[in-house]
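The values are calculated or read from the model by the stated rules, or taken from the named source; none is laboratory data. Because the structure is predicted, anything quoted here is derived from the model rather than measured. Cβ coordinates were reconstructed from backbone atoms using ideal geometry, including for glycine residues, and neighbour counts include every protein chain displayed.
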Amino acid sequence: MSSRNYLSLVYLLLACLGAFFTMQANIDFISEHGPGFDVLLFFRMANENAASRSLTSDLLIGASAITIWILNESKRLQMRNLWIVFLTMFTIAFAFAAPLFLFLRERRLLEMESLRQGSVTDQSENQ
């Protein structure tokens, strides 16, 4: 297995863990403060003390920077179906969407390497 294949599997595992742990926390929140998901209460609690404000600010700034990078990198690599990443960013968690993008990016890089090797092979055979 190539290092790129291994890395893509690591990213996929991190995406699954990101989905699991954030969903578990959200389920706990709903069971404690339900029924339903009270978004206003969630954000109020996320900014209730200095520690939670620090984590909220850290996530907001970091996620914003990574989202801008995702947009630029996906254009550079001509990646398709990025709507899935952005949809999951808001419906599941950023902790799922960012590693999902990294997984898809590694798969795209593998695809591009394969296409380049095929084109080099075709050129050498034609000479």
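Being among the hydrophobic types (A, V, I, L, M, F, W, C) and surrounded by 15 or more Cβ atoms within 10 Å (Cβ to Cβ), is that true of even one residue in region 111-126? No, the conditions are met nowhere in region 111-126. Residues that are among the aromatic types (F, W, Y) and either more than 30 Å from E113 (Cα to Cα) or part of a loop (DSSP other than H, G, I, E, B) (or both) occur at least once in region 40-63.
Residues that are over 14 Å from the mean Cα position of the chain (by Cα), in a helix (DSSP H, G or I) and in contact (Cβ under 8 Å) with a residue 24 or more places away in the chain within region 69-114 comprise R108, L109, L110, M112, E113, listed in sequence order. Would you check if F20 is in contact with a helix residue (DSSP H, G or I) (Cβ under 7 Å, 6 or more places away or on another chain) and either of a type outside the set (A, V, I, L, M) or surrounded by 14 or more Cβ atoms within 10 Å (Cβ to Cβ) (or both)? Considered against the rule, which asks whether it is in contact with a helix residue (DSSP H, G or I) (Cβ under 7 Å, 6 or more places away or on another chain) and either of a type outside the set (A, V, I, L, M) or surrounded by 14 or more Cβ atoms within 10 Å (Cβ to Cβ) (or both), F20 comes out as no.
Quick check on my filter: what residues within region 26-54 are touching a helix residue (DSSP H, G or I) at 6+ places or on another chain (Cβ under 9 Å) and surrounded by 12 or more Cβ atoms within 10 Å (Cβ to Cβ)? Of everything in region 26-54, those that are touching a helix residue (DSSP H, G or I) at 6+ places or on another chain (Cβ under 9 Å) and surrounded by 12 or more Cβ atoms within 10 Å (Cβ to Cβ) turn out to be N26, F29, H33, F37, D38, F42, M45, A46, N47, S52, R53. The conditions of being touching a Gly at 6+ places or on another chain (Cβ under 8 Å), modelled with pLDDT of 95 or more, aromatic (F, W, Y) and surrounded by 13 or more Cβ atoms within 10 Å (Cβ to Cβ) are not met by F103. Regarding D58, is this residue under 23 Å from F86 (Cα atoms), surrounded by 10 or more Cβ atoms within 10 Å (Cβ to Cβ) and among the acidic types (D, E)? Considered against the rule, which asks whether it is under 23 Å from F86 (Cα atoms), surrounded by 10 or more Cβ atoms within 10 Å (Cβ to Cβ) and among the acidic types (D, E), D58 comes out as yes. For region 67-81, a residue qualifies if it is closer than 22 Å to L17 by Cβ and either at pLDDT below 95 or among the hydroxyl-bearing types (S, T, Y) (or both), and exactly one does: T67.
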